[in-house]
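First the structure, in the form of structure tokens, and then the observations on it.
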């Protein structure tokens, strides 16, 4: 869980990472929510809102849209008047983040057509390749073993997994 | 007497092989995820939530609850031995626990922490047994207005307690509620924000959102850091026994930690974390040796470790009696209840006694099991930290994706999980609380339905809410939690200015 209290204190690392004009990168968050909130509210109002006495399906989303607009507006105002520290810096191996996401993306793409065994072998091999420093034969071996053991284990639990073109 | 009979029946349910296996697996896994820095009980519960779908309801809930309170035990191990909190609830334990390790008293710190957790956990279950039925009876008087007020109260208090600014918290609450409105709504059956997609028409499932926000996001945060080279201290079995003086100094803090922790569990928000800070501050204030704080005072380990376990028990009270989770782990437990078609709330004890009493009995047994597991097996748990990180993270990702897919056999859920993992990663980078996003997602539907019903009953008169005493009380307390800290700060500022003016 993210640390709660005093979580947005200025840290030495994050101080100084600002946009031109001294505005913190944090301003992106309320701006984005404001735009999305506006689109959401327009969408909410396109449904029947009804009245307070006879509420329809658009009423609650309309309230939520107003909450989003007001809260993000206040947040934006606070950011402009009292800029908060920017985001935490990226870690030294930040490139692993897109690499892991891409690996999961490949798994999602392969899962139905290629089946669980092939998709999970590819996913495990990619993850171990990106996350560690192992020889290629070890990566392939671990990936194959992990896929096979997990396939057996999940089958034992009764989890339905797509077989793909393989006969098992 | 009724409770005693119920508890005996609960133990009878617990003795079935499936439930016993679920209990052992739950508390063991809980301890493991507690030990591992990065992966917390929320992530682990989120990952296992879909897999628990294949189990019986009682066994699944015993497993999930075991992970939840087991993690509170395990979290202290790395805090004490390595100065790295295995859990966010063990951050405070690092302060005194690691100092004790440096003084060669790691074993005593671990034992006091485990015994304190056991005592607090057991007392919390007794209190849960007392308070959950009382609150459940009280909740039978709840109508739509009261449920709306309760959900609004929950979100207001959560916004105040999760730190950061109020505007930010409300913004995240708004995002959570907005996500919950995607899909077909229950009152009129109209699909909202589905853009013609059948997947979106069904709405966003809790599981992929939570696995993405907590499970995969944890992996991403962990993966971008270089592998830690921290020295892992080992503890021999014979070094585990505290001295008589250490025991004497720990009993008071354990009981006070329990007394502080349990009520914290009843409040929406990160109760367990806040309770540890409160307990530490209390111990420092009442200690006869305040000069030892920061240098390895055992009270600073005993109090907070008891508080977080008591708070974990406390968080189950609103879930079991009202059906409303006030903390992210209990939101996941609610998910497990719903997956198995069991609705927690005032009628849980009468409609599903085997689930309620089975869960309570499992918590008694689980606490004993954790005490037995934790101390002799400390070496094993520490050795988990030596597992190669690439294999561990790859395993977590694999279990997560299979788990999410298995709920609905849906590739769309996997896409939601991936998208939410990026959202969770970004939220962490911006130091925003992902937990604040989960609660509105869980209670959003109840909030909308109770609001619409209230408005229909009152024919649009919002004054109706204020004419209902329970609803009024909840709304006033919620509003006070938002306004009071600001008013108090202003009052203090004015007072200081006045005093400065008088001094001149």
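The values are calculated or read from the model by the stated rules, or taken from the named source; none is laboratory data. These numbers were taken from a predicted model, which means no experiment stands behind them. Cβ atoms come from the backbone with ideal geometry, glycine included; neighbour counts cover every protein chain shown.
Observations on the structure shown:
- Of the residues making up the stretch B:435-462, those that are part of a helix (DSSP H, G or I) and either touching a strand residue (DSSP E or B) at 6+ places or on another chain (Cβ under 8 Å) or within 11 Å of chain A (Cβ to nearest Cβ) (or both) number 18.
- Of the residues examined, residue B:268 is one that is closer than 28 Å to residue B:326 by Cα and either touching a strand residue (DSSP E or B) at 6+ places or on another chain (Cβ under 7 Å) or in contact (Cβ under 8 Å) with a residue 40 or more places away in the chain (or both).
- So residue A:59, is it more than 20 Å from residue B:169 (Cβ to Cβ) and modelled with pLDDT of 95 or more: no
- Checked across the stretch B:425-434, the condition of being at the interface with chain A (Cβ under 10 Å from one of its Cβ atoms) and under 27 Å from residue A:115 (Cβ atoms) holds for no residue.
- Selected residue (only one of B:169, B:149 is within 13 Å of chain A (Cβ to nearest Cβ), more than 30 Å from residue B:362 (Cβ to Cβ) and in a helix (DSSP H, G or I)): B:169
- Conditions (1) free of Cβ contacts under 8 Å to residues at least 12 places away in the same chain; (2) buried (at least 16 other Cβ atoms within 10 Å of the Cβ); (3) farther than 24 Å from residue B:223 by Cα: number failed by residue B:452: (1)
- For residue B:67, the requirement of being part of a helix (DSSP H, G or I) and closer than 25 Å to residue B:394 by Cα is met.
- In this structure, residue B:139 does not qualify as at the interface with chain A (Cβ under 8 Å from one of its Cβ atoms) and surrounded by fewer than 22 Cβ atoms within 10 Å (Cβ to Cβ).
- Counted residues, the stretch B:185-211 - those being under 26 Å from residue B:51 (Cα atoms) and facing another protein chain (nearest Cβ under 10 Å): 0
- Residues that are closer than 15 Å to residue B:192 by Cα, in contact with a helix residue (DSSP H, G or I) (Cβ under 9 Å, 6 or more places away or on another chain) and part of a loop (DSSP other than H, G, I, E, B), drawn from the stretch A:38-55: A:47, A:48, A:49
- Residues that are within 21 Å of residue B:22 (Cα to Cα) and facing chain A (nearest Cβ under 8 Å) within the stretch B:362-398 comprise just one, B:395.
- The set of residues from the stretch B:260-277 being farther than 20 Å from residue B:482 by Cα and modelled with pLDDT of 85 or more comprises B:260, B:261, B:262, B:276, B:277.
One line per residue, one yes/no per condition, for (1) crowded, with 22+ Cβ neighbours inside 10 Å; (2) under 17 Å from the mean Cα position of the chain (by Cα); (3) over 22 Å from residue B:341 (Cα atoms):
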| residue | (1), (2), (3) |
| --- | --- |
| B:56 | no, no, no |
| B:71 | yes, yes, yes |
| B:74 | yes, yes, yes |
| B:93 | yes, no, yes |
| B:106 | yes, no, yes |
| B:133 | no, no, no |
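- Matching residues in the stretch B:458-477 - criterion: being exposed (fewer than 13 other Cβ atoms within 10 Å of the Cβ) and in contact with a helix residue (DSSP H, G or I) (Cβ under 6 Å, 6 or more places away or on another chain): none
- Residue B:186 fulfils the conditions (1) modelled with pLDDT of 85 or more; (2) within 23 Å of residue B:335 (Cβ to Cβ) except for a single criterion, (1).
- Residue in the stretch B:411-423 that is surrounded by fewer than 22 Cβ atoms within 10 Å (Cβ to Cβ) and either within 25 Å of residue B:271 (Cβ to Cβ) or more than 14 Å from every other protein chain (Cβ to nearest Cβ) (or both) present: yes
- Within the stretch B:212-223, the set of residues being buried (at least 21 other Cβ atoms within 10 Å of the Cβ) and within 11 Å of chain A (Cβ to nearest Cβ) comprises B:212, B:213, B:214, B:216, B:217, B:218, B:219, B:220, B:222, B:223.
- Residue in the stretch B:118-129 that is away from every other protein chain (no Cβ under 14 Å), in contact with a helix residue (DSSP H, G or I) (Cβ under 8 Å, 6 or more places away or on another chain) and not in a helix (DSSP H, G or I) present: no
Table: residues versus (1) modelled with pLDDT of 85 or more; (2) more than 22 Å from residue A:40 (Cα to Cα).
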residue: B:165; (1), (2): no, yes
residue: B:169; (1), (2): yes, no
residue: B:175; (1), (2): yes, no
residue: B:180; (1), (2): yes, no
residue: B:195; (1), (2): yes, no
residue: B:200; (1), (2): yes, no
residue: B:203; (1), (2): yes, no
residue: B:211; (1), (2): no, yes
residue: B:221; (1), (2): yes, yes
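- From the options A:106, A:149, residue that is out of contact with any helix residue (DSSP H, G or I) (no Cβ under 9 Å at 6 or more places or on another chain) and without any contact (Cβ under 8 Å) to a residue 40 or more places away in the chain: A:149
- Taking helices (runs of 4 or more DSSP H) as the structural unit, those lying wholly within the stretch B:316-429 and holding at least 3 residues that are without any contact (Cβ under 8 Å) to a residue 40 or more places away in the chain and in contact with a helix residue (DSSP H, G or I) (Cβ under 9 Å, 6 or more places away or on another chain) correspond to B:389-408, B:411-429.
- Unique residue being in contact with a helix residue (DSSP H, G or I) (Cβ under 9 Å, 6 or more places away or on another chain) and without any contact (Cβ under 8 Å) to a residue 12 or more places away in the chain when the list is B:253, B:263, B:290: B:290
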